[in-house]
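One structure is given below, encoded as structure tokens.
The values are calculated or read from the model by the stated rules, or taken from the named source; none is laboratory data. Computed from a prediction, not measured in an experiment: that's the story for all the values here. Neighbour counts run over all protein chains shown; Cβ positions are idealised from the backbone, glycine included. When the accessible area is computed, the model is the full protein with side chains, heavy atoms only, and any ligands, DNA or RNA have been set aside. Shrake-Rupley method; radii C 1.70, N 1.55, O 1.52, S 1.80 Å.
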Amino acid sequence: METGFSSGIEMKNKTLIIQIDIGRGTQWGTANTIDPIRNIFIPSVKKYCSKHNYDYSLITKSKYDIKYGTYDFLGSVNKHYSFERYFPFKNEYDFTIYIDNDVYIYPDADPIPYFKGLMNVKEPEGNSSKIFRQVNNLGENFGYYNSGVTFCDKSTANFLADYMIKRLNDKNRPKGKNSDNMLLNEFILENLDIFNELGGEWNYMPFLPNAKKIQKPNFFHFVGIIGKEIINKLQQNKISIIEFLEEIKNKKQL
């Protein structure tokens, strides 16, 4: 697929970056996991926004809970918190970016380039990608994309919000795995004409099996159960998480 990028986002264009920190803060974490998320990872995103003049929104209250009351759409209560991103996607910003709260942005990360449509990073081959292809009768080369970093232009963000909220109202759950990630991949499958694959440097997931090394990651994602276990192990061993991340970037750890 094409990159979907051209020159950098101009200053006149308004960009919104959204994150979520509701309740426990992350669906896989423990109390120990939440501390670096709130004191290291989320602040790294805020600093990135300040550096590049992006607007920032941290969602701390559940609009889903207020409007719907029961958590009966996705597979678990905490998975519904991931769905919260789609309510503010309905906006007037030129670009809307969603970033999971277990993502760290390096201080020297590149600014977001100009792009069109929807962009996500392909996950390394694994169980979820196999399930997605199987339930949708897709070929072996069809990608499965991670929802943890999602780039949208204005029209796509509004379209995606309408699509997701309609599926919620209709209780039209995803096939295979009842998760926000599977839900987004179904949207991609239905709207390939507005989708482009995002480079792995924008959502680096090196702890997943079959992951490929990246020369210069911008966004580092402690994705899933494995990522949270690593966060906790670093703390247990009194290893600086920031130093660990810098070592990874300099290819000393991986």
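Per-structure values
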read-out: Residues (touching a Ser or Thr at 6+ places or on another chain (Cβ under 8 Å) and part of a strand (DSSP E or B)) located in region 182-197; value: N196, E197
read-out: Residue that is hydrophobic (A, V, I, L, M, F, W, C), farther than 27 Å from P217 by Cα and touching a helix residue (DSSP H, G or I) at 6+ places or on another chain (Cβ under 6 Å), where the choices are L74, L138; value: L74
read-out: Filter result (more than 19 Å from K63 (Cα to Cα) and among the charged types (D, E, K, R)) within region 174-192; value: K175, K177, E186, E190
read-out: Residue among N78, N127 that is at negative phi and at pLDDT below 90; value: N78
read-out: Those residues of region 191-219 which are within 14 Å of T150 (Cα to Cα) and among the aromatic types (F, W, Y), in sequence order; value: F195, W202, Y204, F219
read-out: Candidate set from region 10-19 (those that are open to solvent by 10 Å² or more (accessible area, probe 1.4 Å) and of a type outside the set (S, T, N, Q)); member that is modelled with the highest pLDDT; value: L16
read-out: Unmet criterion (only one of (1) at pLDDT below 95; (2) under 25 Å from S179 (Cα atoms); (3) not charged (D, E, K, R)) for S7; value: (2)
read-out: Enumerated strands (runs of 3 or more DSSP E) restricted to region 58-165, each holding at least 1 residues that are open to solvent by 20 Å² or more (accessible area, probe 1.4 Å); value: 113-115, 118-122, 145-153
read-out: Residue satisfying all of: in region 29-57; farther than 29 Å from K14 by Cα, polar (S, T, N, Q) and part of a helix (DSSP H, G or I); least open to solvent (accessible area, probe 1.4 Å) among these; value: T33
read-out: Options K175, K238, K213: the member that is touching a Leu at 6+ places or on another chain (Cβ under 7 Å), surrounded by fewer than 17 Cβ atoms within 10 Å (Cβ to Cβ) and free of Cβ contacts under 8 Å to residues at least 60 places away in the same chain; value: K213
read-out: Residue identified as open to solvent by less than 30 Å² (accessible area, probe 1.4 Å), at negative phi and either touching a helix residue (DSSP H, G or I) at 6+ places or on another chain (Cβ under 6 Å) or modelled with pLDDT of 95 or more (or both) among G199, G227; value: G199
